[in-house]
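Worksheet: one structure, shown below.
The values are calculated or read from the model by the stated rules, or taken from the named source; none is laboratory data. In this text the structure is predicted, and so the values were computed from the model without any measurement. Ideal geometry is used to build each Cβ from the backbone, glycine not excepted, and the neighbour counts take in all protein chains shown. Surface accessibility is based on the protein's heavy atoms, side chains included, excluding ligands, DNA and RNA. Shrake-Rupley method; radii C 1.70, N 1.55, O 1.52, S 1.80 Å.
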2 protein chains.
Amino acid sequence: MGGKSKFELKTPKGTKDWDGKDMVIRDKIFSTITQVFKRHGGVTIDTPVFELRDILAGKYGEDSKLIYDLADQGGEICSLRYDLTVPFARFLAMNKDITNIKRYHIAKVYRRDQPAMTKGRMREFYQCDFDIAGVYDAMLPDAEVLRIVCEVFEGLGWNGSYTIKLNHRKILDGIFQVCGVPEDKIRTISSAVDKLDKLPWTDVRKEMTEEKGLDGEVADHIGEWVIHKGKHDLLDKIRNDPKLSANASIQAGVSDLALLFEYLESFGVLDRVSFDLGLARGLDYYTGLIYEVVTEGSAPESTPGAVAAAAPPPKKRGKGGDDDDRSNDPTVGVGSVAAGGRYDNLVGMFSGKTQIPCVGISFGVDRIFSITKARMAADKSATQVRNNEVDVYVMAFGGKGFVNERMAVCARLWEGGIKAEFMYKVKPKVPQQFKAAENNGVPFAIFLGDDEVAQGNVKIKEMGLRDGHPEKEGILVSLDNMVAELKLRLERKRTLEDIAQQAEGLKVVDGIKSADTAASIAPAVTDAAVANPETTQ
Amino acid sequence: MGGKSKFELKTPKGTKDWDGKDMVIRDKIFSTITQVFKRHGGVTIDTPVFELRDILAGKYGEDSKLIYDLADQGGEICSLRYDLTVPFARFLAMNKDITNIKRYHIAKVYRRDQPAMTKGRMREFYQCDFDIAGVYDAMLPDAEVLRIVCEVFEGLGWNGSYTIKLNHRKILDGIFQVCGVPEDKIRTISSAVDKLDKLPWTDVRKEMTEEKGLDGEVADHIGEWVIHKGKHDLLDKIRNDPKLSANASIQAGVSDLALLFEYLESFGVLDRVSFDLGLARGLDYYTGLIYEVVTEGSAPESTPGAVAAAAPPPKKRGKGGDDDDRSNDPTVGVGSVAAGGRYDNLVGMFSGKTQIPCVGISFGVDRIFSITKARMAADKSATQVRNNEVDVYVMAFGGKGFVNERMAVCARLWEGGIKAEFMYKVKPKVPQQFKAAENNGVPFAIFLGDDEVAQGNVKIKEMGLRDGHPEKEGILVSLDNMVAELKLRLERKRTLEDIAQQAEGLKVVDGIKSADTAASIAPAVTDAAVANPETTQ
């Protein structure tokens, strides 16, 4: 950065600007996620970026030190929000008339953490949250949240290459009780267990015994259980253990999970989940089901069998038969791309008496973005990402420039809902105009030359047509027919692109929507209809 | 707020939560504005909510005291952004490879101002900015920005009930020079003139002479000019004044405006602007054209002739003929709903040498929201705003509840891209399910009773059909045909609603888009196609 500027020209540490194709991809991720949220009846709310500091206090345990404070400039003491969950609970506590809601919120949160840009850990980052609040029959909203998780990742084109790891706080806490963990150590031991996805058991055991003072024998008991993964088989294993099955907390958790599996089966997503006793989740406020979503997408390339991770082959049932050696687990070491759980007591921390049970999920957009972008780069057949969405570039031919005529043509196009640009030059050169259109991948051009202007016509030309195509040289249409003719061609082009993508079995980022569009437009748009422009309209 | 809570349950001063119908309306405003921005080739960028404090320093004059600072918790000193323009200039200065861009940015900004909630003045509020950066032929981007302003307000259904007041800094500064304002007083005298929309001339004159020490005779000279409004007539008036027309700065400004009027004519929006010598704009960084958009929408109801303000009847030309008495001007006292101008030197304040000329507009969403909401409330024929967008509510009939069957039906609907909900009860009562659907204005229901479940069917029922309608009692379809049949009915319903709205000559908030949708769907969806469900598909 040169010149006489005395500024340090940068964004603050741990923050960045988003622009260009990255911004386009991130917007598509947001719109895919929003579409899913709306499909499930979600409504959105917007809360301030800062809250009174007291609202955030005591919610995040030792991570509270990561909260950004506003300077005291007189008046209230405020802090930037750390997540979207606590503001949501505050909102529910304030609005007593809202006893149930499916709310989504896509917004930035702030953490004064040590940034690790390459791993997607920033100080300012987006979260996409969906939460269901209200008193309902057991596990029904929980099951829908997990169904939403699947629709989001399918919508993003991940084609099943993800696993929802889930556990139940009541089962986990019950195991700790049965193994002999003192009541006041349960949360801290739970935090140690939560590190099992990053550390081997021996390290976790060491933390339990040496750092947290747990009896070695108790730790070993825990170690026998938290390595287990499965589904119904693991439920049976717990049920068949006399000590565990006698614990009331475990009984409640097992009953919840049995019901959940039934509902997930009805929703067609049971094969996406893995009941994992090693999942603990850090936050204190969870009270029931907890889950996080992992993918092999960010695993080291050397990991063998990564792709198969999402749909593990059936294993023989029986004692130990559903267990993996964690060191061979391709999802070990991979951060989660979404996480959440049930928190039935958080609203009550604000409202005093009114308790509203909640269950929710938070998608980590930055990590999803990195993985999506890498996949798009690897997929050569995927549609090229354009910087903008312009449909047509309006060009002048010949020396006159026709600036007013180009503007009038643009005005007509905009009125017709068509995205159009022209060059901000009174007398632009033809090659410059072509270059501008091609640089943005604009699919159509409109030409204005002496003859066209004299006769009230324009020429519509599709860019990049093969030699021999009947419209290779463009077609002449009257100004009055221009919008209709162009719309027809734009729709045809989109339909053909959609069909081509479907034929290749590809999912675009915006998968579900594109399919719908193609289906609804296809019958109306045919080559025949376009062949004779004069008959259309 | 009761209970044992020790929290003050509120959002910080000058901030608020958005939810319910307000959120839906605001989202529609955002999507209308975004649509227009994209139609003009706009691309969006996202900058951090806080910037290094040095970046913001020295950009906002005496309003700098309103900037929110972050607490010093070690590391960099940061402040919340005050607007989106300075971060945009910082972004351009940092990214030397970007020499031109049409960027839009919709985001929150922060000002520690005295909040006036009822007037829509908040400490946290949204701005929607569109800016064109780059070296181009004169007034071409400027004209397109004004065209964008018109498309936004037409898109919002304001039907011409707004005026773009514009002026040119070079003309205004030239007038000050000619009238004898000392060079070092020009900006402060300009600020005084800017208050003419809120104060009568006598008060503004007082500020100039008593507070700012301007010679009374000089003030009176200024007063003779800044009351003038018009278009070509006012340009002629300036040209015909020997002193003004001899001033180089004024010559440059007049030449710009003459060209602008020509271009606005080509864009079909010349009738929307009013050249107003009393418009000054507060910010220091403007260098050329300046404008703000006013509407009678927020004017006191007693103001006579408010609606006619946007399209003033032609007045007789000649000296003074185009002038209004400002006290009769219905836009006096009405805050602006959008404002902007040309700022050619701001990027250079960061980059030192690289200068990128810019012109842009900022829409004040909170005020636009208040006006739009008031208009929607007044317009009884407008479509009812729904809290969510659910298409169909899946209900159980009879005592069995069919919870798994309802879930499986929902899964099919979601896969088909249909927005569906069901009640989170294992055995819900029929009236409760109807109430839930009706409360949200859900247009369709799917019934599952003993017979339907036994035969693999469902019943589709459109809510609120008149007696005698062939589908009043619902139609029976197989599970496999359910999605297709429902889609057909959803499209038909939307088309009929669109046609009804168009027939009434109403503009919906999302005007342009709806019209397009109706036009493209209408030919494909007819009552005939729906009459015999078995033949469709």
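Figures for the structure shown
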read-out	value
Qualifying positions in the range B:339-375 - open to solvent by 50 Å² or more (accessible area, probe 1.4 Å) and within 30 Å of A:Asp46 (Cα to Cα)	B:Arg367, B:Ser370, B:Lys373, B:Ala374, B:Arg375
Conditions (1) facing chain A (nearest Cβ under 7 Å); (2) modelled with pLDDT under 95; (3) closer than 18 Å to B:Ile356 by Cα; number of the one not met by B:Thr99	(1)
Meets criteria (over 29 Å from B:Leu259 (Cα atoms) and modelled with pLDDT of 95 or more) for A:Leu486	yes
Enumeration of residues in the range A:80-139 that are open to solvent by less than 20 Å² (accessible area, probe 1.4 Å), under 19 Å from A:Asp284 (Cα atoms), assigned to a loop (DSSP other than H, G, I, E, B) and out of contact with any Pro (no Cβ under 6 Å at 6 or more places or on another chain)	A:Tyr82, A:Asp83, A:Leu84
All positions within the range B:245-274 that are out of contact with any Gly (no Cβ under 7 Å at 6 or more places or on another chain), farther than 19 Å from B:Arg147 by Cβ and open to solvent by less than 30 Å² (accessible area, probe 1.4 Å)	B:Val254
From B:Gly75, B:Gly42, residue being at the interface with chain A (Cβ under 9 Å from one of its Cβ atoms) and at pLDDT below 95	B:Gly75
Only listed residue being surrounded by fewer than 19 Cβ atoms within 10 Å (Cβ to Cβ) and under 27 Å from B:Asp19 (Cα atoms), chosen from B:Gln433, B:Gln384	B:Gln384
Test: residue in the range A:12-32 that is more than 8 Å from chain B (Cβ to nearest Cβ) and either outside any helix (DSSP H, G or I) or on the phi > 0 side of the Ramachandran plot (or both)	yes
Residues being within 21 Å of B:Asp344 (Cα to Cα), assigned to a helix (DSSP H, G or I) and away from chain A (no Cβ under 14 Å) - total across the range B:257-299	1
Matching residues, the range A:389-444, being more than 8 Å from every other protein chain (Cβ to nearest Cβ) and at positive phi	A:Gly398, A:Gly401, A:Phe402, A:Gly441
Residue tally, condition within 14 Å of chain A (Cβ to nearest Cβ) and closer than 18 Å to B:Thr32 by Cβ, over the range B:338-369	3
Residue list for the range B:45-62, restricted to those being within 24 Å of the chain's Cα centre (by Cα) and more than 10 Å from every other protein chain (Cβ to nearest Cβ)	B:Tyr60
Single condition B:Met407 does not satisfy, out of (1) over 30 Å from B:Lys461 (Cα atoms); (2) in contact with a helix residue (DSSP H, G or I) (Cβ under 7 Å, 6 or more places away or on another chain)	(1)
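Condition check ((1) at pLDDT below 95; (2) out of contact with any strand residue (DSSP E or B) (no Cβ under 6 Å at 6 or more places or on another chain); (3) not in a helix (DSSP H, G or I)) across all residues:
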| residue | (1), (2), (3) |
| --- | --- |
| A:Gln384 | yes, yes, yes |
| A:Asn388 | yes, no, yes |
| A:Met395 | no, no, yes |
| A:Tyr424 | no, yes, yes |
| A:Lys427 | no, yes, yes |
| A:Glu438 | yes, yes, no |
| A:Ile460 | no, no, yes |
